[in-house]
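Since the structure comes first, as structure tokens, the remarks are kept for the end.
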Amino acid sequence: MGLKPSYTWHDGFAMPMGFPREAFGAALEYSAEPGDFFVATYPKCGTTWAQHIVYLIAHRGVPLPPTSPMGEAIPHLEEIGTRMVARKPAPRYLKTHLPFGMTPYHEQARYLYVARNPFDCAVSFYHHTRGFVKHYDFAEGRFEDYFECFLAGEVDFGDYFDNLLSWHEHAGDGNVLFLTYESMSADPRTAVTRIGQFMGADCISDESLLSAVLQHSSFESMSKDQQRWSSRRPDDMPAFIRKGIVGDWENYFLPSQAARLLEKLDRRCRGTGIEALWPDLIAEARRFARNTQ
């Protein structure tokens with residue numbers, strides 16, 4: 001085992017270093033309210049994209065001002081606790097990476113969950129972990145080092161499959177909208193429409209407003225916004241938006257690594273319907289894993 005990322009541990013639950021302990025505890029004790037709307041994901045599974053879509057729908061296609069970070073508009077509950085949340089007027093929009101059982105729940109609150117295939121998630125999470133030096137002390141880490149941590153579930157916010165399965169079990173709940181990053185990438189218009197309907201927003205029936213949401217939530221637009229915001233930051237924090245593509249994992253995985261992740265996917269998700277979320281990608285991963293070169 002090579003270099004490992006460093007974390008802050010909260011009763012066995014890993015969090016990025018620098019996240020206040022009191023904020024995490026407050027997040028778990030937060031009482032969700034009927035008007036709350038949660039953008040829920042495992043890290044690096046389309047969180048920022050989903051936040052932009054939700055913000056744009058809520059603001060009728062008007063993008064976030066360049067001087068305002070998304071973290072203020074849709075704050076990360078586990079990072080900031082409840083102090084900032086309490087000051088926000090209803091309806092409150094919140095981000096969380098917690099599994100379902102740890103997420104503050106109210107039957108009249110709404111929860112948008114975005115799932116991403118574990119192969120691309122692992123690669124994106126690796127780049128994130130290596131880039132945020134002050135949170136992980138992993139700047140010199142290699143993908144093969146991070147992969148072992150990811151596979152073991154020894155990364156921040158817990159095991160990928162624990163998170164995915166906990167939310168997938170509630171995919172049929174009336175107050176949960178479960179989408180995949182891959183389906184959103186393949187058909188953004190349908191994804192935005194479904195999210196808008198789930199939010200109860202009438203603006204999505206207006207073609208000009210729908211077009212505005214699609215335009216300002218595109219990868220190109222979000223990247224430009226991120227660059228403008230990054231230029232105002234005093235630190236060297238890396239970009240949250242990197243490539244945004246599906247299938248980049250093949251540039252990093254060894255066949256043996258793909259085989260091991262597939263084995264865990266099969267073991268954890270057999271009979272749950274999870275494999276049906278990404279049939280083509282999983283089939284490609286199986287072909288890739290058989291390659292001994």
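The values are calculated or read from the model by the stated rules, or taken from the named source; none is laboratory data. Every value quoted in this text rests on a predicted model; they were computed, and no experiment measured them. Note: ideal-geometry Cβ built from the backbone for every residue, glycine included; neighbour counts use all protein chains shown.
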Task: Qualifying positions in segment 175-200 - touching a residue at least 40 places away in the same chain (Cβ under 8 Å) and among the acidic types (Asp, Glu) - done: Glu182
Open item on the list: For segment 112-135, which positions are in contact with a Leu (Cβ under 8 Å, 6 or more places away or on another chain) and of a type in the set (A, V, I, L, M, F, W, C)?
Closed with: Leu112, Val114, Ala115, Phe119, Ala122
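Filter segment 114-156 for residues that are assigned to a loop (DSSP other than H, G, I, E, B) and touching a residue at least 60 places away in the same chain (Cβ under 8 Å) and give the result.
Going through segment 114-156, the residues assigned to a loop (DSSP other than H, G, I, E, B) turn out to be 116-117, 132, 137-142, 153-156.
Arg116, Asn117, Phe132, Asp137, Phe138, Glu140, Gly141, Arg142, Glu154, Val155, Asp156, listed by residue number.
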Open item on the list: Here is a check on your reading of the model: is Lys44 touching a residue at least 60 places away in the same chain (Cβ under 8 Å), among the basic types (Lys, Arg) and under 25 Å from Val213 (Cβ atoms)?
Closed with: yes
Open item on the list: For segment 276-293, give me each residue that is surrounded by fewer than 16 Cβ atoms within 10 Å (Cβ to Cβ) and not in a loop (DSSP other than H, G, I, E, B).
Closed with: Ala276, Pro279, Asp280, Ala283, Arg286, Arg287
TODO: Residues that are in contact with a Ser or Thr (Cβ under 6 Å, 6 or more places away or on another chain) and at pLDDT 95 or above: find the helices (runs of 4 or more DSSP H) completely inside segment 45-102 holding 3 or more of those.
DONE: 47-58
